[in-house]
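The values are calculated or read from the model by the stated rules, or taken from the named source; none is laboratory data. Predicted, not measured: the structure shown is a model, and the values here were computed from it. All Cβ positions, even for glycine, are placed from backbone atoms using ideal geometry, and neighbour counts span all protein chains on display.
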């Protein structure tokens, strides 16, 4: 056999490449659509057929982040010149930014977005953290009724969550957890914990127990061996589990809608709630959705090396 | 002085008895080899001493004291695993320093560096200190894992088949290196293996383990020449000892079809008083193929081992192995005669397998 691979061998069969491009385009189309809409002028946002070439604008983002009022008349040149550049962009839409004593009034989007980050971030840390310890216990120690316990943990995921929505709401109201960050964090942690335990157990099982035993013999305690030897080996699994948990918590809609309305509301129920207020401005909604896509994309991108190894060599392969 | 002792130790895993009422004494500075087939309980015995398993009953004594309640770290033993178990994210140097950095010891940075250096030089891995462990060959990995054991001068070195994953050539050279190392350190070694050549060539003492029980403890010479039962006789030695079920009556051994041997004085003194059914054991080197031999046979199979040949002889329905000089020529189905060195006969009880002969 020739030692040198041909160009075709290196990049793959042309039909395969075409197939990959087609599938990628199909998957990316909605994302491209929402991304382009986030930068479109309002006039062409819903045009049929969709406008592909347009002058990108920041107007949708200005609308997304501010409270606005309708202009009664065209602003004078003086007013126009005095306004910052981003406000000038919305004058053309017949709106101006609402100011109270000279301060620009922000919309709720920023708060909701931060709520999402807090809730998804903390619940991911909690679920993955507890899941890692639990999985280690299940993987390494003889536990009475281990298989039954593991099945029980998994079974908490078998119920469609919405089935328990009403009891959950009543319980949350009784304990004053409705519309609180802690309430959503508890709920999402509980959602993700079973998943994290199962996923991490697979990764833990693949770490040879001889590593810890060597560390025990070398004069370390079980806890030190766990932190010094096991945890570094488990980073791949932790990264994969964290990404999946974060995505689930970040995208959760139903319970966020039922259990929060103001203070602790996350972005998913907030974005569509704007549809109800007055004229539907699809560009602003697209801008909100576009920003909402970013954290998961960034998080996944940062952990991509671990994730790839995790998915190929970890528990999911089995 | 006894360094490590097991006192009637038993350990079960579920219904499976891994170690059964086992007692063992390992003296200070001794190279003790625990030899047995797979599943005999060798590794469990090591793990019981290391404290990685707790005995169901019995005591583990280290330095004369009951160590049952001691943690793994307190036992101050070193364990070399079959699969090396080097810490994968660390370099060779970091692996060697790891045991010294434990809070149990409290060594200064200088002392750690110096000990790592000494161990690395001794094992000739000093040029690898900055290398990641996954960039090492099997032999180098095992050297590092031995190095990790010697840096902290433990009470006893426990080695769990450390050579079995290496290729034959490397195994041979590491075998003598390990033995040299043990003499140089004057340390106590407990070496577990299923390879009888390792056991015979390295051990000051060999303990044969079978079904969780110690069958025999002795020097390699004693194990080879005075096997205490049929299991030891068949397990130690290559080729395995010929074992033939015979009946002894009127000074004659007979094994049903064909094989009939009259005992000489030497044979009679070995087997006197054991008339009736027994199992006869003869090592291949005690079977002489020559034209004056008393037993007729045909050549069944010939194996060339370089320094010698092993000929399997067929007489009646019995197969007997004999060692012959490498230059001798035999073809399969050749008709030959052979005799047995009756001074080296072994007799075993047909039912219990216990040796009837001694010395």
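Select, from B:198, B:222, the only residue that is buried (at least 20 other Cβ atoms within 10 Å of the Cβ) and under 14 Å from the mean Cα position of the chain (by Cα).
The match here is B:198.
Quick grid of which residues meet (1) within 23 Å of the chain's Cα centre (by Cα); (2) closer than 28 Å to residue A:141 by Cα; (3) modelled with pLDDT under 90; (4) more than 14 Å from every other protein chain (Cβ to nearest Cβ):
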| residue | (1), (2), (3), (4) |
| --- | --- |
| A:167 | no, no, no, yes |
| A:178 | yes, no, no, yes |
| A:183 | yes, no, no, yes |
| A:202 | no, yes, no, yes |
| A:207 | no, yes, yes, no |
| A:219 | no, yes, yes, no |
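So residue A:236 passes all but one of these: (1) part of a helix (DSSP H, G or I); (2) under 25 Å from the mean Cα position of the chain (by Cα); (3) more than 14 Å from chain B (Cβ to nearest Cβ). Which condition number does it fail?
Tallying (1) part of a helix (DSSP H, G or I); (2) under 25 Å from the mean Cα position of the chain (by Cα); (3) more than 14 Å from chain B (Cβ to nearest Cβ), residue A:236 fails exactly one: (3).
Could you identify the single residue in B:51, B:39, B:58, B:29 that is at pLDDT 90 or above and closer than 18 Å to residue B:160 by Cβ?
None of the other options fit; the residue is B:51.
Identify the residue in segment B:74-92 that is within 7 Å of chain A (Cβ to nearest Cβ) and surrounded by 21 or more Cβ atoms within 10 Å (Cβ to Cβ) and, among all such residues, is modelled with the lowest pLDDT.
Among those that are within 7 Å of chain A (Cβ to nearest Cβ) and surrounded by 21 or more Cβ atoms within 10 Å (Cβ to Cβ), it is B:85.
Filter segment A:130-144 down to the residues that are within 18 Å of residue A:202 (Cα to Cα) and exposed (fewer than 10 other Cβ atoms within 10 Å of the Cβ), then identify the one that is farthest from the chain's Cα centre (by Cα).
It comes out as A:142.
Which condition from (1) closer than 24 Å to residue A:218 by Cβ; (2) within 14 Å of chain A (Cβ to nearest Cβ) is the one that residue B:13 breaks?
(1)
Just need a number here: residues in segment B:40-55 that are more than 14 Å from chain A (Cβ to nearest Cβ) and within 18 Å of the chain's Cα centre (by Cα).
The total comes to 4.
Taking residue A:178 as meeting all but one of (1) in contact with a helix residue (DSSP H, G or I) (Cβ under 7 Å, 6 or more places away or on another chain); (2) part of a helix (DSSP H, G or I), write down the number of the exception.
(2)
Go through (1) modelled with pLDDT under 85; (2) within 19 Å of residue A:93 (Cβ to Cβ); (3) surrounded by 12 or more Cβ atoms within 10 Å (Cβ to Cβ) for residue A:283 and report which single condition fails.
(1)
Going by what's in this entry, would residue A:272 be described as surrounded by fewer than 20 Cβ atoms within 10 Å (Cβ to Cβ), more than 9 Å from chain B (Cβ to nearest Cβ) and either part of a helix (DSSP H, G or I) or in contact (Cβ under 8 Å) with a residue 24 or more places away in the chain (or both)?
Considered against the rule, which asks whether it is surrounded by fewer than 20 Cβ atoms within 10 Å (Cβ to Cβ), more than 9 Å from chain B (Cβ to nearest Cβ) and either part of a helix (DSSP H, G or I) or in contact (Cβ under 8 Å) with a residue 24 or more places away in the chain (or both), residue A:272 comes out as yes.
Residues that are farther than 26 Å from residue B:313 by Cβ and at pLDDT 90 or above, at least 3 per element: which helices (runs of 4 or more DSSP H) completely within segment B:188-299 meet that? Step through it out loud before you land on a result.
Working: elements: B:196-202, B:220-225, B:230-235, B:265-271.
Those helices (runs of 4 or more DSSP H) span B:196-202, B:220-225.
Yes or no, residue by residue, for (1) farther than 30 Å from residue A:167 by Cβ; (2) out of contact with any helix residue (DSSP H, G or I) (no Cβ under 8 Å at 6 or more places or on another chain); (3) surrounded by fewer than 21 Cβ atoms within 10 Å (Cβ to Cβ):
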site	(1), (2), (3)
A:187	no, no, no
A:210	yes, yes, yes
A:214	yes, no, no
A:233	yes, no, yes
A:240	yes, no, no
A:253	no, no, yes
A:256	no, no, no
A:268	no, no, yes
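Output the residues belonging to segment B:320-359 that are assigned to a strand (DSSP E or B), over 26 Å from the mean Cα position of the chain (by Cα) and either without any contact (Cβ under 8 Å) to a residue 24 or more places away in the chain or over 18 Å from residue B:278 (Cβ atoms) (or both).
Hits for segment B:320-359 are B:325, B:335, B:336, B:337, B:338, B:339.
So, in segment B:160-178, of the ones that are over 21 Å from residue B:97 (Cβ atoms) and in contact (Cβ under 8 Å) with a residue 60 or more places away in the chain, which residue ends up nearest to the other protein chains (Cβ to nearest Cβ)? Spell out how you get there, then give the answer.
At the first step, the residues of segment B:160-178 found to be over 21 Å from residue B:97 (Cβ atoms) are B:160-161, B:163-178.
Then keep just the ones that are in contact (Cβ under 8 Å) with a residue 60 or more places away in the chain; that gives B:160-161, B:164-165.
On the way: B:160: 10, B:161: 13, B:164: 15, B:165: 13 Å.
Ranking the qualifying residues of segment B:160-178, first place goes to B:160.
Would you point out the residue of segment B:316-338, among those that are at negative phi and out of contact with any strand residue (DSSP E or B) (no Cβ under 8 Å at 6 or more places or on another chain), that is modelled with the lowest pLDDT?
The selected residue is B:317.
Can you pull out every residue in segment B:102-118 that is modelled with pLDDT of 90 or more and either facing chain A (nearest Cβ under 9 Å) or surrounded by 16 or more Cβ atoms within 10 Å (Cβ to Cβ) (or both)?
Answer for segment B:102-118, where residues must be modelled with pLDDT of 90 or more and either facing chain A (nearest Cβ under 9 Å) or surrounded by 16 or more Cβ atoms within 10 Å (Cβ to Cβ) (or both): B:112, B:115, B:116.
Just to be sure before I move on: is residue B:155 farther than 21 Å from residue B:184 by Cβ, touching a residue at least 24 places away in the same chain (Cβ under 8 Å) and surrounded by fewer than 22 Cβ atoms within 10 Å (Cβ to Cβ) in the structure I sent? Working first, answer last.
On the way: farther than 21 Å from residue B:184 by Cβ: no; touching a residue at least 24 places away in the same chain (Cβ under 8 Å): yes; surrounded by fewer than 22 Cβ atoms within 10 Å (Cβ to Cβ): yes.
Criteria not met by residue B:155.
Taking residue B:239, is it buried (at least 22 other Cβ atoms within 10 Å of the Cβ) and more than 16 Å from residue B:25 (Cα to Cα)? Quick ask: steps written out before the conclusion?
Values: buried (at least 22 other Cβ atoms within 10 Å of the Cβ): no; more than 16 Å from residue B:25 (Cα to Cα): yes.
No.
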